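In what follows, a structure is listed as structure tokens, so that the remarks can point back to it.
The values are calculated or read from the model by the stated rules, or taken from the named source; none is laboratory data. Remember, predicted model here, so these are calculated numbers, not experimental data. Backbone-built Cβ (ideal geometry, glycine too); neighbour counts: all protein chains shown. Remember, those area values only see protein heavy atoms, side chains included, never the ligands or the DNA or RNA. Shrake-Rupley method; radii C 1.70, N 1.55, O 1.52, S 1.80 Å.
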Amino acid sequence: MTALIQPGRLLDAASAHPLFLAIKRSLTFVLPLVMLGSIALLLRNFPSTDAQLRIDALLGPIGLQLCDILINSSFGVASLAQLCALSGVSAMYVNQNNQDLHISPIMSISIVLSCFFIILAPSDTAFPRHYFSMDGGLLLAMAVALVASGLFLKLSQCRSIMLPLDLVGYDPVVRDGFAVMPAAMLTVLIFVAIKGLVLSWGFEDLQDSLARLVVWPFTNTKNHLLIALLYGGVSQILWFFGLHGPNILHSVEATVLIPNGMANALAVANGVAPECIITKAFIDTFTRIGGS
């Protein structure tokens, strides 16, 4: 019996770890965006042609345009919102357990945002919109948020680099902000150094490199059951820790599952038997039905 109980205790302890606790709490703050985006997405892509025509007529051109704006303003910036929420929640958690120094969540968010743009900054000045979306940029945004906020909060508690500004004024927020200024600057500089290393290793677009790394285990997936089980299993493990599994694995869906389905459709159109079993339609129907 003890052997059966131990894994459950380990999983409970893992889910209660500050790292995963911060992820789950921050996702709660992003839920309003996700819900609104889902409703707008449903109105624009209702799974019935007749119903869709009625919805389009009811909303009119302006209503449809507003739905598109809402989708771009919710799902389109969800990873950026998650980044801010995660860094702010992490600072709030540290403040709950540290009475000596109050670390401003707003300052934490501003530092993490700077680190995020440093890591993502391409060689030109244009940022692709998918960097900030729920499906395209969530994994890197959460990774940067966890590393940058953790580093900043650790450095903020290092008294050897705090500025002795007890006489700066009576406003405690300003005083604490000045006290952790070296920690904030050092965090940004560390991410500048990380970016320099990434560029020296030949990775111009870290987002694209990360997506290709995620896709790599799932290549050659036409008829491999173990690959399908790996995709479904990894997705569920990510869900357990509060991470949106399908969105984290979106690059697999975009570069493997959807092309497999398109290859099947092309084969059928040409009168040939389809070869790919592991497709997005297959995963949606046989592994995701009923939710995660």
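Data overview
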quantity	calculated
Filter result (outside any loop (DSSP other than H, G, I, E, B), modelled with pLDDT under 85 and surrounded by 15 or more Cβ atoms within 10 Å (Cβ to Cβ)) within segment 190-208	Val198, Leu206, Gln207
Answer residue from segment 228-264, given it is more than 21 Å from the chain's Cα centre (by Cα) and open to solvent by less than 60 Å² (accessible area, probe 1.4 Å) and is farthest from Ile289 (Cα to Cα) among those	Ala263
Of the criteria (1) in a helix (DSSP H, G or I); (2) within 22 Å of the chain's Cα centre (by Cα); (3) more than 29 Å from Phe29 (Cα to Cα), which one Asp284 fails	(3)
Residue match in segment 43-53 (condition: without any contact (Cβ under 8 Å) to a residue 60 or more places away in the chain, under 30 Å from Ala148 (Cα atoms) and open to solvent by less than 60 Å² (accessible area, probe 1.4 Å))	no
Residues of segment 168-187 classified as at pLDDT below 90, buried (at least 17 other Cβ atoms within 10 Å of the Cβ) and among the β-branched types (Val, Ile, Thr), total	1
Meets criteria (under 25 Å from Leu139 (Cβ atoms), loosely packed, with under 14 Cβ neighbours inside 10 Å and at pLDDT below 80) for Pro18	yes
Hits in segment 88-99 - residues which are surrounded by fewer than 20 Cβ atoms within 10 Å (Cβ to Cβ) and either closer than 17 Å to Asn247 by Cα or in contact (Cβ under 8 Å) with a residue 24 or more places away in the chain (or both)	Tyr93, Asn98
Among residues of segment 209-225, those that are open to solvent by less than 60 Å² (accessible area, probe 1.4 Å) and either assigned to a helix (DSSP H, G or I) or touching a Pro at 6+ places or on another chain (Cβ under 8 Å) (or both), counted	7
Any hit, segment 104-119, residues being over 15 Å from the mean Cα position of the chain (by Cα), open to solvent by 20 Å² or more (accessible area, probe 1.4 Å) and more than 15 Å from Ala183 (Cα to Cα)	yes
Boolean, Ala85 is buried (at least 19 other Cβ atoms within 10 Å of the Cβ) and under 17 Å from Ala145 (Cβ atoms)	yes
Of the criteria (1) under 29 Å from Ile39 (Cα atoms); (2) modelled with pLDDT of 85 or more; (3) open to solvent by 30 Å² or more (accessible area, probe 1.4 Å), which one Asp135 fails	(2)
Residue that is nearest to Met142 (Cα to Cα) [pool: residues in segment 265-289 that are surrounded by 18 or more Cβ atoms within 10 Å (Cβ to Cβ) and of a type in the set (A, V, I, L, M)]	Ile283
Leading residue by the ranking (most open to solvent (accessible area, probe 1.4 Å)) among those in segment 26-42 that are within 30 Å of Ser149 (Cα to Cα) and free of Cβ contacts under 8 Å to residues at least 60 places away in the same chain	Met35
